[in-house]
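So the structure is just underneath, and the comments pick up after that.
The values are calculated or read from the model by the stated rules, or taken from the named source; none is laboratory data. The structure displayed is predicted, hence computed values, not measured ones. No Cβ is skipped: glycine too gets one built from the backbone with ideal geometry, and neighbour counts run over all protein chains shown. The area values use the complete protein model at the heavy-atom level, side chains included, leaving out ligands, DNA and RNA. Shrake-Rupley method; radii C 1.70, N 1.55, O 1.52, S 1.80 Å.
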Amino acid sequence: MKKQLIVFSLSLMSMGIFAQKNELKAAAKALKKQNYAGAVASISAAEALMSNMDVKLKAKFYFLKAQAYAGQKKYSTAADAFSTLFAFEKQTGKQKYTSKAKPMLGQLTKEVSEKALKLYNNEKDYKGASELFYLTYKLSPADTSFMYNAAVSATQAKELDIALTYYRDLKSIGYTGIVLEYFATNKETGEEERIESKSQRNLYIKSGQYTNPQDKGSKSKKATIVKNIALILKDQGKIDEAVTAIKEARVENPQDLNLLLAEAELYIKLEKMDLFGELMEQATKMDPTNPTLFFNLGVVNYNQDKVEEAQGYYKKAIALDPAYRDAYLNLGLSILNKRVAIVEEMNKNLNNFDKYDALEQEQKDVCNEALPYLIKADSLKRTLDTVKTLLNIYDTIENDEKSDEFRALYKSMK
């Protein structure tokens, strides 16, 4: 009885191998006719019987599977099949299909990378481009520039977790992105120009149109990678990690103003305004014509009760940008805020008429000092608040004509 069972099992195995061979033959015929759907159907049928597949058939199976899915533009499945084929034949020591498959893989890699570039440049499909750039890297791991492109594309697509993973991988492998570039001087213009390839440059030199050939390494992307890791962490709200990463990035990018400002922004979230102020001071030295930097310093100093310093920074911002509304507004309000102490003193001296009158005049002087800045802010952008503030000032300085005008205006805006 046992012998009969064994014979029966062997008979089933032979039938399975026969079916596998037929399916693989059908897949090969379909590929010749570029009937990729038919090839995939046959491959799938053969795969269902794979547990008993012969070693020789397995190599052929992976080879045909890679071609079938490549033909259907299912790049990831095709890439996995090629990789499995190479690993399988290396393990068995019989590389019958590897030599045939490698040129096919090269063509697939070229096709995938071109598709990725098209998605990125023409169709602005950054998510799709990122996926295909990373697949190109998997197909050709020696060329890590494809992983860098995948990271850039993922960032554009707001796939920040994926981008962060790719940038960290690039950092861990020490990717720099430095490539050799070819330059020569155009005799006619006297300008040094970058030329596409060394062979092309050699032709230009021989023609006599160019001279002084130079080979130069492109700028390293190491600093950009560290910077992007830091900025992604900041955008994700991972404040502590971002601070650490940005400090590292600034070592690599000491003159990067945007990176400095990104660190400063983190200190606002951490409520470390002293550190924010220190960085803003550095920023004004790096970009002394940027009015926003001086305005921000004004805000920081005012919040630290350094009123005179704050007003100086607001005036600097206005000098750099005469239409800086918020600088006019904050400057005017910082002056007007002196009324608080004056009004308190007036309330304490209600029965001291001489003292009260002197304080009342002092209040009017403060209002007149603040008035030009608040008028300018209102002229640049009128809001209910600016109108209300000006109405209050005109009432205080007893300018009845302006009081009536702004009272009507205020009522119409409410």
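Give me a comma-separated list of calculated 3J(HN,Hα) values for segment 168-177, in order, Karplus coefficients 6.51, -1.76, 1.60 applied at θ = phi - 60°, integers in Hz, x for any Gly or Pro.
Per residue, the Karplus-derived 3J(HN,Hα) values read 5, 5, 4, 5, 5, 8, x, 5, 10, x Hz.
Answer with one residue from 255, 292, 270: the one whose Cα lies farthest towards the positive end of the charge dipole of segment 240-300, charges on Cβ with Lys, Arg +1 and Asp, Glu -1.
Value: 292.
Could you pull out the pairs from 21/74; 234/338; 73/124; 73/222; 238/285 whose alpha carbons sit more than 27 Å apart here?
Checking Cα-Cα distances, 234/338; 73/222; 238/285 exceed 27 Å.
Name the aspartates and glutamates eligible as straight-distance cross-link partners of residue 90: C-alpha to C-alpha under 19 Å, and not fewer than 8 places from it in the same chain.
Here the aspartates and glutamates satisfying the reach criterion relative to residue 90 are 54, 80.
So, counting K/R as plus one and D/E as minus one, what does the shell of residues with Cβ under 11 Å around residue 409 add up to?
Details: positive: 382, 388, 402, 407, 411, 414; negative: 378, 404, 405.
Local net charge: +3.
Computing the accessible area with a 1.4 Å probe over protein heavy atoms, can you report the carbon and sulfur percentage for the chain?
51 percent
Treating only the Cβ of Lys, Arg, Asp and Glu as charged (+1, +1, -1, -1), what charge dipole size does the chain show about its Cα centre? Round to the nearest 20 debye.
Here the chain has a charge dipole of around 4620 debye.
Angle check, please: helix 325-336 long axis (alpha carbons) against the longest principal axis of the chain (alpha carbons), in degrees 0 to 90, nearest 10.
Taking Cα atoms only, the helix is inclined about 40 degrees.
Just want the answer: with Cβ charges of +1 for Lys and Arg and -1 for Asp and Glu, which residue in 77, 64, 214 is farthest toward the dipole's positive end in the chain?
64
Rounded to the nearest 10 degrees, what's the angle between the helix 126-139 long axis and the longest principal axis of the chain, both from Cα atoms, 0 to 90?
Rounded to the nearest ten degrees, it is 40.
Might you tell me the accessible area per residue for segment 291-360, computed with a 1.4 Å probe and given in Å²?
Numbers: 3890 Å² over 70 residues.
On a per-residue basis, 56 Å².
Filter the cross-link list 29/56; 102/198; 381/402 down to pairs whose alpha-carbon distance in this structure exceeds 20 Å.
Pairs exceeding the cut-off: 102/198.
Treat every Asp and Glu Cβ in segment 186-308 as -1 and every Lys and Arg Cβ as +1, leave all other atoms uncharged, and give the resulting dipole magnitude about the Cα centre to the nearest 20 debye.
Dipole size: approximately 760 debye.
So how much accessible area does residue 215 have, in Å² to the nearest 10, using a 1.4 Å probe?
80 Å²
Mind checking the angle between helix 98-121 and the chain's longest principal axis? C-alpha axes, 0 to 90 degrees, to the nearest 10.
Helix 98-121 and the main axis of the chain meet at about 20 degrees.
Restricting to Cα pairs below 8 Å that are 6+ residues apart, what does the relative contact order work out to for the chain? Please round to a whole percent.
Details: 486 pairs, mean separation 23.1, N = 414.
Across the chain, relative contact order equals 6 percent.
Whole-Hz ³J(HN,Hα) for each residue in segment 379-387, computed from phi via Karplus 6.51 cos²θ - 1.76 cosθ + 1.60 with θ = phi - 60°, x for glycine and proline: what do you get?
6, 6, 7, 7, 9, 4, 5, 5, 5
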